Amino acid sequence: MNRRDFIKTSSVVAAGSMLGGGLTSLGAAPASGGVTLSGHRLKRPLAITMWDFSWLERRWPGAGYEDWDQALDELKARGYDAVRIDAYPHLIAAGAEREWELLPCWNQHDWGSPARCRVRVQPALNEFIAKCGKRGLLVGLSTWFREDASENLCTKIASPEELGRIWKATLDSIAPELRRHILYVDFCNEFPLHISTPFLPEGFKRHSPEGERWMRDSIAVARRAYPQFSYTFSFTSEYDTWREQNITCLDFLEPHVWMTSFCDYYRQIDYKWERFDPVGYEKIVAQGETLYRSKPAYWQSRLEHGINIMADWSRASGKPLITTECWAVVVYKDWPLLNWDWVKDLTAHGVRKASATGCWAAMATSNFCGPQFKGMWRDIAWHRRLTDMIHHGQLPDYPLQMKS
């Protein structure tokens, strides 16, 4: 899809005001439903990718994002419509143009920097959004609350109102003419996973009065200032209690869905989320592909089970789904004796099954869709096949309801 497929049917007005029902047409589609996200009216599901904090941190030679123009051109060539990135709201609120030294959250995975790095979030964020907009790409803003080396700001968010304030400051920092390229705002990656919410006590539950308050009251702060945007928190846990969870403050659901979340696959290979020890990947090499190929239909059925849970949640709540991390295994990379073929096969199965539900407004092909994962990135035909599959899916037939 090229830029002329995006047809803006109303003008963007002054900074801080409503987009006024601006529509984004994404070409002809077999779908009869419709969803609106931050003033963009979708005519077909979007193919979205997650570039997390890699977009800003992985800029050394060969890291994949040192040339944003090249990376974004390659993303378009693979058929994607949108990208989800870390906006570093806590750093922007404390000093948008200040240089920050960040500590690695791991050195075994290829998201972000494996060692200390230095970043300035602005004006880099505005520059990146502008380059996306020039190519007709929409931007989902999120955050992993990366740890800085000097002030440890990610641990000092004391209230939902403070979380809302730093997001308002982040939206304030985005040039008014660039705000039309924002697809949504995700207040926290995989809330309330402790690695992403170091300001909350370990064991904190989303399905609790406090969990609901953090979501509701923080979003309310940003929504008062910027009612035109669509807001959510992304999730990767507590799926067993979805029927009881109060998610009325969210404009859509952003669940992360992997086969491994709905079975004992990782337990069987004894993978224990080793972040700073290569033994984890050694276990994946030794058993990961062999275990999958021993009974692929079973592992695919567990992925389908997870997809069906999310579809049920979407239908019951009347909220469309967006999923930016998904389908196969959570962690993988270019490494000796690691084969991409089975991962790509399983992710393709997930895209096909999720697309058929008619519950997704946007979805990823995997959480490895970035230039640093060369074994997957270089297969352009595979990406085009899956993004075409996403585009030909059906949108939810219930409208996204904005909350005031």
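The values are calculated or read from the model by the stated rules, or taken from the named source; none is laboratory data. Just so it is clear, the structure is predicted and the values come from calculations on it, not from any experiment. Ideal geometry is used to build each Cβ from the backbone, glycine not excepted, and the neighbour counts take in all protein chains shown.
For residue 214, the criteria (1) surrounded by 21 or more Cβ atoms within 10 Å (Cβ to Cβ); (2) part of a loop (DSSP other than H, G, I, E, B) hold in every case but one, which is (2).
Residue by residue, here is whether (1) at pLDDT 50 or above; (2) under 20 Å from residue 231 (Cα atoms); (3) crowded, with 16+ Cβ neighbours inside 10 Å; (4) in contact with a strand residue (DSSP E or B) (Cβ under 8 Å, 6 or more places away or on another chain) holds:
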site: 2; (1), (2), (3), (4): no, no, no, no
site: 9; (1), (2), (3), (4): no, no, no, yes
site: 13; (1), (2), (3), (4): no, no, no, no
site: 35; (1), (2), (3), (4): yes, yes, yes, yes
site: 59; (1), (2), (3), (4): yes, no, yes, no
site: 69; (1), (2), (3), (4): yes, no, no, no
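When the residues of the stretch 325-344 are filtered to those that are in contact (Cβ under 8 Å) with a residue 60 or more places away in the chain and out of contact with any His (no Cβ under 7 Å at 6 or more places or on another chain), the one that is nearest to residue 387 (Cα to Cα) is 327.
Scanning the stretch 96-112 for residues that are assigned to a loop (DSSP other than H, G, I, E, B) and hydrophobic (A, V, I, L, M, F, W, C), which turns out surrounded by the fewest Cβ atoms within 10 Å (Cβ to Cβ)? Only one residue tops the list, namely 103.
Answer with yes or no whether residue 115 is in a helix (DSSP H, G or I), among the small types (Gly, Ala, Ser) and at negative phi. Walk me through it before giving the result.
On the way: in a helix (DSSP H, G or I): no; among the small types (Gly, Ala, Ser): yes; at negative phi: yes.
In short, no.
Matching residues to (1) assigned to a loop (DSSP other than H, G, I, E, B); (2) under 18 Å from residue 368 (Cβ atoms):
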position	(1), (2)
55	no, yes
63	yes, yes
70	no, no
75	no, yes
85	no, yes
90	no, no
94	no, no
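Apart from one condition, residue 191 fits all of (1) within 22 Å of residue 314 (Cα to Cα); (2) in a helix (DSSP H, G or I); the exception is (2).
When the stretch 297-344 is examined, which residues are found to be in a loop (DSSP other than H, G, I, E, B), in contact with a strand residue (DSSP E or B) (Cβ under 8 Å, 6 or more places away or on another chain) and polar (S, T, N, Q)?
Listed by number, the list holds a single entry, 324.
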